[in-house]
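Written below as C-alpha cells is the structure these notes are about.
The values are calculated or read from the model by the stated rules, or taken from the named source; none is laboratory data. What you are looking at is a predicted structure, and each value in this text was computed from that prediction instead of being measured. In this analysis, Cβ positions are derived from the backbone assuming ideal geometry, glycine residues included, and neighbour counts consider all displayed protein chains. All accessible areas refer to the heavy atoms of the entire protein, side chains included, with ligands and DNA or RNA removed. Shrake-Rupley method; radii C 1.70, N 1.55, O 1.52, S 1.80 Å.
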Amino acid sequence: MRRTHALLLPFATALALAGAACDAGPAPATPLPSAGSAAQPREVNLVMRDYSFTPDPVDLIPGETIRLQVVNAGLDWHEAVVGDQASQDAWEIAEAATIGAPPGPTPAVSVPADLAGLRVVVPSGGRVDVVWTVPSDPIEVARLILGCHLPGHFARGMKAAVRVPGSGTPGPS
C-alpha cells in the first residue's frame, strides 16, 4: 500500500503545481502606445476584411503623427474613411452615386474639403500607407469613426471606433 502512495505523490504534486500556475491572476494590461512625431510617426496597422476593420477600436493619441498602414485582406475593394459622423454621412451620400457601377475601383467621388476627413482606398490584396497627423483636440479625436462607404459596406457593419488611450471607452462607431 505504501508503494502506491509513493507512486502517486509525484503525480499529485505536479497536478497541484499546474493548478497553481493556472491561477496566476489576470493578464497584465497592454501598455499605452507612445505618441508618434513628424520625425518618427507611430505605425498603426489597419486590416480591412469583408466587412470589418481590425483592430476595433483603433487607438489614436491627440496631436500625434502616425503612419497608417491600411491592408485590404478582403475580396472587394474597400476604403477607410477616418472622420466624425458628418464626414461619414457625406461619404455615404457621395458613394451612393456609384451604385450600379461595375466591380473594381470606386468611380471618382468627392465631398467638400471640410467634411472629407482622411480617406484611403485600397484594392483587394493591396496595402496603402499614409502619414497623417491626428487632430490635437481629444474631444474631436473621440468623435472619430472609421467607415467604408463603398455601396452597402457601411450598412453591412464595416465601421470601427476610435479610442483615445487612457480615456476609457471608445468613441462612437
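Brief remarks follow.
- Other residues lying with their Cβ under 11 Å from the Cβ of Pro135 contribute a combined charge of -3, Lys and Arg counting +1, Asp and Glu -1.
- Shape call, the stretch 55-112: gyration tensor on alpha carbons, a/c limit 1.5: oblate
- Most tightly packed first, judged by the mean number of other beta-carbon atoms within 10 Å of their residues, the peptides 142-154, 36-48 read 142-154, 36-48.
- Shown for the stretch 70-167 is the translational diffusion coefficient from the Stokes-Einstein equation, using the Kirkwood radius over Cα pairs, a temperature of 4 °C and a viscosity of 1.567 mPa s: 92 µm²/s.
- Between the stretch 42-97 and the stretch 113-173, the alpha-carbon center distance in angstrom: 4
- Residues whose placed amide H lies under 5 Å from that of Arg163, excluding near-sequence neighbours: Val58, Asp59, Leu60, Gly171
- Percent accessible area from carbon and sulfur atoms, the stretch 108-173, protein chains only, probe 1.4 Å: 53
- Taking label positions 7 Å along the Cα-Cβ direction at both Leu32 and Arg156, the computed distance is 3.8 nm, reported to one decimal.
- Between Ile139 and Asn45, the contour length at 0.36 nm per residue exceeds the alpha carbon distance by 31.6 nm.
- Per residue, the average separation of C-alpha pairs within less than 8 Å and at least 6 apart gives the stretch 41-173 a relative contact order of 35 percent.
- Spin-label model, Val130 to Gln85: label points 7 Å out along the Cα-to-beta-carbon direction sit 2.2 nm apart.
- Rounded accessible area per residue of the stretch 73-173, 1.4 Å, Å²: 50
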